[in-house]
Every structure is written in structure tokens, then in C-alpha cells.
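Bear in mind that the values in this text are calculations on the coordinates, not laboratory data. All of these numbers come straight from a predicted model, not from anything done at the bench. FYI the Cβ positions are ideal-geometry reconstructions off the backbone, even for glycines, and counts take in every protein chain you see.
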Amino acid sequence: GAVVSQHPSWVICKSGTSVKIECRSLDFQATTMFWYRQFPKQSLMLMATSNEGSKATYEQGVEKDKFLINHASLTLSTLTVTSAHPEDSSFYICSAIRRETQYFGPGTRLLVL
Amino acid sequence: AQSVSQHNHHVILSEAASLELGCNYSYGGTVNLFWYVQYPGQHLQLLLKYFSGDPLVKGIKGFEAEFIKSKFSFNLRKPSVQWSDTAEYFCAVSPGNSGNTPLVFGKGTRLSVIA
């Protein structure tokens with residue numbers, strides 16, 4: 001099956017610092033990856049679409065300068081939360097498409113103090 | 001905008017009981033439909049999907065779902081649940097003719113199966 005990994009699985013940081021989250025497709029190439037955010041007891045909300053070799057497409061209300069996305073290769077997309085604040089604390093999940101089906105990473109829990 | 005409604009927030013069943021989780025979506029065009037499961041502490045896993053063809057879709061672990069276009073529904077069913085089915089279940093929709101578009105998720109239904 002298609003495997004997607006994320007690193008780190010959890011991170012605690014101080015307010016004002018930046019945090020980078022990696023999303024990798026381990027056994028397939030993905031030109032498109034998605035980044036979602038999940039609040040407690042709520043559903044996943046799409047943040048942005050990451051396209052290899054081009055700029056990411058952000059959903060309305062998501063600040064592109066705050067959530068920097070880089071899709072440098074066909075197996076790696078990164079999400080950098082810049083100048084993180086406590087309200088950015090959340091569960092971030094990426095997915096990659098293989099044969100018209102999305103496969104999800106295990107998620108990264110971010111806690112900003 | 002598209003939306004997905006899952007009617008049950010939390011369902012509690014005894015082992016061997018039958019399960020049906022409701023899912024309705026709002027989108028008038030062609031859609032692809034998915035059910036994902038998230039076991040405690042694990043990532044989302046695909047249970048089953050519908051793109052076209054037979055509206056009754058069979059997935060892994062004995063789950064099935066039926067697409068009823070007239071009702072905009074894609075309910076998940078299992079004839080006899082097991083304790084190991086305890087998890088969070090998410091219905092999701094991607095509009096269009098391909099599965100390469102982002103998913104719109106429902107809020108999820110937590111299933112607790114008791115012995």
C-alpha cells in the first residue's frame with residue numbers, strides 16, 4: 001500500500017519560533033500533496049494544496065506567509081509554521097495522492113507555549 | 001461550498017450489533033466518496049471509496065457503503081461489529097471526475113464497541 005510519513009510526530013516550541021514539518025511519500029511519487037489541520041473533536045480542514053515545482057495554493061483564511069509550503073521533490077513537501085503562536089497549536093496532517101486516492105500521514109501535533 | 005454531514009457524533013454498540021453510520025453531502029455535480037477510519041493513536045486509513053459503477057461498495061474489514069444519488073447519501077454499514085472496530089469514522093467527498101482534488105470531510109463519528 002501507499003505509505004506517507006510525517007516528521008516530527010509531535011513538537012513543543014516557544015511562541016515566536018518557527019517549526020518545520022515534513023511530509024514524505026515513501027513508496028510512490030506524488031506531484032500533489034495536501035495539508036490539513038484538525039482541531040480537537042472537529043474534522044480535518046484543508047489548509048493548502050502543495051504542488052511539486054510550483055507555488056502552493058492556499059485556502060481562504062490561511063495566511064501563506066505564516067504557513068510556508070515547499071514541495072521540492074516528488075516525495076517531499078514541507079510545512080513551516082513561522083513565528084508560531086499558541087493559537088497555532090493543532091494537529092497537522094498531510095496527504096499524498098496515488099491513483100486518485102489520498103493517503104494520509106500520521107499527523108504532527110504542535111504545541112506552542 | 002461543499003459540505004459533508006455526519007449525523008451521529010458518538011455511537012455506542014455491543015459486539016455483534018449491526019452498524020450504520022449516516023453521511024450526506026451537499027454538492028450537485030459529480031463526486032467521489034470516501035470513508036476513512038482513524039483507530040486510536042493511528043493515522044487515517046481508507047476503508048472504501050466510490051468513484052462510479054455499482055453504488056454498493058465493499059471495503060476492508062467487512063465494511064460496505066451505499067451511494068444513493070437521489071438522497072446525496074453514502075452511509076457506511078457493517079453487519080456485525082467487533083471490539084476492534086472502535087475508532088473514529090470520517091466520511092469525505094471530493095468533487096469532480098477525478099480523485100485528485102482535496103477532500104471535504106465530515107466531522108466524524110466516534111464508534112465505541114463494548115463487549
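Just to be sure I understand: with springs between alpha-carbon atoms less than 10 Å apart, which residue in A:PHE28, A:PHE91, A:PHE67 has the highest mean-square fluctuation in the Gaussian network model of chain A? Between A:PHE28, A:PHE91, A:PHE67, it is A:PHE28 that shows the largest mean-square fluctuation.
Among the listed pairs A:LYS14/B:LYS49; A:LYS14/A:LYS41; A:LYS66/B:LYS49; A:LYS66/B:LYS61, a Cα-Cα separation exceeding 30 Å is found for A:LYS14/B:LYS49; A:LYS66/B:LYS49; A:LYS66/B:LYS61. How big is the gap, in Å, between the Cα center of region A:44-70 and the Cα center of region B:74-115? Cα centroid of region A:44-70 versus Cα centroid of region B:74-115: 26 Å apart. Here the Gaussian network model covers chain A, with springs between Cα atoms less than 10 Å apart; of A:LYS55, A:LYS41, A:LYS66, A:LYS41 fluctuates the most. Among B:TYR25, B:TYR89, B:TYR39, the residue with the largest mean-square fluctuation in a Gaussian network model of chain B, with springs joining Cα atoms closer than 10 Å, is B:TYR39. From least to most packed, judged by other beta carbons within 10 angstrom and beginning with the fewest, B:SER18, B:SER94 follow the order B:SER18, B:SER94.
Please give the FRET efficiency for B:GLN45 paired with A:GLN60, using the beta carbon to beta carbon distance and R0 = 35 Å, rounded to the nearest 0.05. Efficiency computed from Cβ-Cβ geometry: 0.75. Label-to-label distance for A:HIS85 and A:VAL3 is 3.9 nm, based on points extended 7 Å past Cα in the beta-carbon direction.
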